[in-house]
Amino acid sequence: MAFTQYELNLESQLPEEFKRIAAERGECEETKTQNIEEFRQYILEHTDCKPHRIDDEYLIKFLRARFWKISSSYRLVFNKILIDKFREQNLSYYERVCPLDYKYIADSDIISVTPYRDQHGHRILIYRFGNWKPDEISIDVLFRVSVILLELGSLEPISQVVGGVGIYDLQNLTLSQIVHLSPSYAQKIIALLVTSMPISTSALHIVNPNWTFKAVFKLFTPFLNAAMRERLFIHSDMESLHNHISPEHLPKRYGGLREEHSPSRWFDNMRDNEHVQNELQQLGYVF
């Protein structure tokens, strides 16, 4: 059974099975240093906008997310609409935000990340919208926490290589919750998952779709590009989900073999991890 650990794996040296995947996606050990330097020079030559960092550890995230294609990686870094403009217009999601203040979101079990990987090495980000109480927790708070979790995920070299998967659990979702969702929020969350972060989304799985599903689906589909539509899967039962994620790597609520995990333990680890805090502080977060 998959190893359970509430800690980010920040080991820069990839395990052998992930070295193979990285190689298939354009990463070459012999030329990696040279490729990163070429990417850095490419950035310096294009002065339209500058990232806050251009060190190897930071740049490799973008190269891995775009299969080591320099021009595509550059667009990921400098996409003015979905990165620079997004940060400028949504500073509240980054600046002077203390991630540890949102441990209560983890306790509410609305958003969580599994402390193990699926059979392909993906982390699994789970949204349980039926647990969300909009009168107590705003949509902006949910989005802010999503940004934090994806920033954390992008620190893991394994996740940089294979990306992650998302599960949108719509059980108990009601109209009173849907009215708080808007096209602008839908656009933001899709931009976050698909084109704005240096970590790829390999698949989105919708489970427990109920009668409200069509309303939610109409909000999100206009913002899905063709590639993402191919990675979107709607499951009427858990057997269908198991065709993509093995039960060995799923909690029991989804027909899996794993016990329910404790999302708040990720925040406990973040509180004690100085390296993670330093990485987030460079993005404007405070501790």
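Excluding ligands, DNA and RNA, what is the solvent-accessible area per residue of the chain at a probe of 1.4 Å, expressed in Å²?
Details: 13550 Å² over 287 residues.
Result: 47 Å² of accessible area for each residue.
Starting from the Kirkwood Rh over alpha-carbon pairs, what translational D in µm² s⁻¹ does segment 149-201 have by Stokes-Einstein at 37 °C and 0.692 mPa s? D = 259 µm²/s.
Set the bar at 20 Å for Cα to Cα. Now go through K19/K61; K32/K69; K214/K252; K188/K218; K19/K252; K32/K61 and name every pair that lies beyond it. Present the calculation step by step, with values, prior to reporting the outcome.
On the way: K19/K61 15 Å; K32/K69 12 Å; K214/K252 26 Å; K188/K218 15 Å; K19/K252 31 Å; K32/K61 12 Å.
Violating the 20 Å limit, Cα to Cα: K214/K252; K19/K252.
Only beta bridges with both residues in the chain are counted; by DSSP, about 15 percent of them are antiparallel. Surface composition of segment 99-279: carbon plus sulfur atoms hold 50% of the accessible area, using a 1.4 angstrom probe and ignoring ligands, DNA and RNA. Here the Kirkwood formula, the inverse mean of 1/r across different C-alpha pairs, assigns the chain a hydrodynamic radius of 19.7 Å.
Note that segment 96-113 has calculated 3J(HN,Hα) couplings of 6, 9, 9, x, 5, 5, 9, 4, 5, 5, 4, 5, 7, 6, 9, 10, 8, 10 Hz, one per residue in order, obtained from phi through the Karplus relation 6.51 cos²θ - 1.76 cosθ + 1.60 (θ = phi - 60°); glycine and proline are x. Summing Cβ point charges (Lys, Arg +1; Asp, Glu -1) relative to the Cα centre of the chain gives a dipole of roughly 960 debye. Based on the Stokes-Einstein relation at 25 °C and a viscosity of 0.890 mPa s, and on the Kirkwood radius from alpha carbon pairs, segment 11-67 is assigned a translational diffusion coefficient of 200 µm²/s.
The values are calculated or read from the model by the stated rules, or taken from the named source; none is laboratory data. Small disclaimer: the values here were computed from a predicted structure and weren't measured. FYI the Cβ positions are ideal-geometry reconstructions off the backbone, even for glycines, and counts take in every protein chain you see. Note: areas computed on protein heavy atoms with side chains; ligands, DNA, RNA excluded. Shrake-Rupley method; radii C 1.70, N 1.55, O 1.52, S 1.80 Å.
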